[in-house]
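Scroll down for the structure; my scribbles are underneath it.
The values are calculated or read from the model by the stated rules, or taken from the named source; none is laboratory data. Every value quoted in this text rests on a predicted model; they were computed, and no experiment measured them. Every residue, glycine as well, gets a Cβ built from its backbone with ideal geometry; the counts of neighbours run over all protein chains shown. Surface areas here come from the heavy atoms of the whole protein model, side chains and all, with no ligands, DNA or RNA. Shrake-Rupley method; radii C 1.70, N 1.55, O 1.52, S 1.80 Å.
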Amino acid sequence: MAYGDLLRALSEEVARDATAAREAGAREAERLVAAARAEAAAERARALTAAAAAEQAQLARARGAAAREAEALALREARRLLEALRAEALAALRDRGASLVPRLVDELCARLGEGPAVLVADPGEEALVRAHLARAHPALAGRIEVRPAAAPRGGLELAQAGLVLDDTLPARLERAWEALEPELARRYLGAAHGGD
């Protein structure tokens, strides 16, 4: 083969090899670009999924906080209503206070021990207490001193041998309230707050 033919053959072979290399490079570049695009799309999908999960978690926390706040508001309102009911009950008891004095005197005389005692009544009710003692408990009337309380509160206190039995209306309501409150809450607030 002549030198010119050889050069032409070599030149053609180099051109074919260069074309093949360019084509292989282009295919590799396309493959790399496609892989990069796929990785970018996958990363974007992961980022969107993570962002959506974070948003859902934040939304769930916000809903939970809102539910807790609503429950706390409902409990505060229920407590306010129960306290108002308690105040109304005490006012109603105080309105009947003088009419309850004889019954309270009888209850306290039944618990009286030996020796002198003091009954503390609302100011202005001492005469009523003394009259009831003389009529219903004449044997005890001589050893029971009747004194006025510092302020009206309804009911009586019995003091004897260093012990005080508080039978005032506020004290009686306080003792009864622990048992009454759950039933009152169920009965009066249950329907308003999703109960019975």
Legend entry - Cα Rg, Dmax, the chain, angstrom units: 46.7, 157
Inset, instruction - Would you work out the charge dipole size for the chain about its Cα centre, treating the Cβ of every Lys and Arg as +1 and the Cβ of every Asp and Glu as -1, and quote it to the nearest 20 debye? - result: 380
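Counting each pair of different Cα atoms once, what's the Kirkwood radius of the stretch 97-190 in Å, rounded to one decimal? Display every interim value, and only then the final one.
Working: mean 1/r = 0.0707 Å⁻¹.
Hydrodynamic radius (Kirkwood, Cα pairs) of the stretch 97-190 is 14.1 Å.
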Legend entry - Cut-off under 5 Å, modelled amide H: who pairs with D167 long-range: L156, E157, L158
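Rounding to the nearest 20 debye, state how big the charge dipole of the stretch 97-190 is about its Cα centre with +1 on each Lys and Arg Cβ and -1 on each Asp and Glu Cβ.
On the way: 11 positive and 14 negative charges, 38 e Å.
For this selection, approximately 180 debye.
With the full set of protein chains in place, find how many percent of the accessible area of the chain is carbon and sulfur; take the probe as 1.4 Å. Present the calculation step by step, with values, prior to reporting the outcome.
Numbers: 7920 of 13220 Å².
Carbon and sulfur atoms account for 60 percent of the accessible area of the chain.
What number, in percent, do you get for the relative contact order of the stretch 68-165 if the mean sequence gap of Cα pairs under 8 Å and at least 6 apart is divided by its residue count? Please list the in-between numbers first.
Numbers: 104 pairs, mean separation 32.0, N = 98.
With pairs under 8 Å counted, the relative contact order is 33 percent.
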Inset, instruction - Work out from phi, with θ = phi - 60° and the Karplus expression 6.51 cos²θ - 1.76 cosθ + 1.60, the ³J(HN,Hα) of each residue of the stretch 116-121, listed in order in whole Hz, and give x for Gly and Pro. - result: x, 8, 10, 9, 9, 10
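May I ask you to compute the full-extension gain from L112 to V164, defined as 0.36 nm times their residue separation minus their alpha-carbon distance, rounded to one decimal in nm? Numbers along the way, then the final one.
Working: separation 52, 0.36 × 52 = 18.72 nm, distance 1.11 nm.
The L112-V164 span can extend by a further 17.6 nm.
In what sequence, largest accessible area first, do V33, V164 appear using a 1.4 Å probe?
V164, V33
Take the Cα pairs of the stretch 1-114, get the Kirkwood Rh, then feed it into Stokes-Einstein at 37 °C and 0.692 mPa s and tell me D in µm²/s. Write down the numbers at each step before the final one.
Working: Rh = 24.5 Å.
For the chosen part, D equals 134 µm²/s.
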